[in-house]
């Protein structure tokens with residue numbers, strides 16, 4: 001069974017009272033609940049999901065000039081997704097970004113991010129607060 005991961009950036013200006021009064025409780029074009037939404041899908045059979053509070057994420061890769069880099073990003077909420085027949089997957093965000101999350105068995109993960117905290121999304125499924133992003137990777 002596939003696992004759907006949805007990440008929402010909350011709109012700090014959303015007014016439920018306005019939505020209730022004018023749109024039957026629903027959001028409208030000028031009163032959106034979310035700034036944006038990402039959706040990822042793990043298509044293999046998921047065996048288990050471990051949620052790690054204040055974990056460390058290894059951000060590694062190669063710069064445009066071919067130089068390799070590797071940085072530990074601390075204070076992360078990580079969701080380790082274990083599968084029977086594929087490589088394990090990690091998604092997560094800086095603790096300072098996290099507003100709320102829901103894990104629904106092995107079917108879905110919903111992550112809600114705070115609107116007022118600047119962030120970076122260096123790889124799909126990883127959201128790092130600007131204040132915690134490795135400084136030597138910023139131009």
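Only a single item in (1) farther than 23 Å from residue 119 by Cα; (2) modelled with pLDDT under 90; (3) surrounded by 11 or more Cβ atoms within 10 Å (Cβ to Cβ); (4) out of contact with any helix residue (DSSP H, G or I) (no Cβ under 7 Å at 6 or more places or on another chain) is not met by residue 49, and it is number (2).
Note on the stretch 14-32: residues that are touching a helix residue (DSSP H, G or I) at 6+ places or on another chain (Cβ under 7 Å) and either part of a loop (DSSP other than H, G, I, E, B) or touching a residue at least 24 places away in the same chain (Cβ under 8 Å) (or both) total 3. Select from the stretch 101-114 the residues that are surrounded by fewer than 16 Cβ atoms within 10 Å (Cβ to Cβ) and more than 17 Å from residue 39 (Cβ to Cβ) and list them in ascending order. Answer for the stretch 101-114, where residues must be surrounded by fewer than 16 Cβ atoms within 10 Å (Cβ to Cβ) and more than 17 Å from residue 39 (Cβ to Cβ): just 105.
No other residue among 35, 41 is touching a residue at least 12 places away in the same chain (Cβ under 8 Å), assigned to a strand (DSSP E or B) and either more than 20 Å from the chain's Cα centre (by Cα) or exposed (fewer than 13 other Cβ atoms within 10 Å of the Cβ) (or both) apart from 41. Residues in the stretch 121-134 that are within 10 Å of the chain's Cα centre (by Cα) and surrounded by 15 or more Cβ atoms within 10 Å (Cβ to Cβ) were compared, and the one that is farthest from residue 53 (Cα to Cα) is 125.
The criterion of at least 2 residues that are in contact with a helix residue (DSSP H, G or I) (Cβ under 8 Å, 6 or more places away or on another chain) is met, among strands (runs of 3 or more DSSP E) falling completely within the stretch 69-139, by 119-123. Residue 65 meets the conditions (1) modelled with pLDDT of 85 or more; (2) touching a strand residue (DSSP E or B) at 6+ places or on another chain (Cβ under 8 Å); (3) part of a loop (DSSP other than H, G, I, E, B) in every case but one. The failed one is (2).
The values are calculated or read from the model by the stated rules, or taken from the named source; none is laboratory data. For clarity, every value in this text was computed on a predicted model and none was experimentally measured. For neighbour counting, all protein chains shown are included, and Cβ atoms are generated from backbone atoms with ideal geometry for every residue, glycine included.
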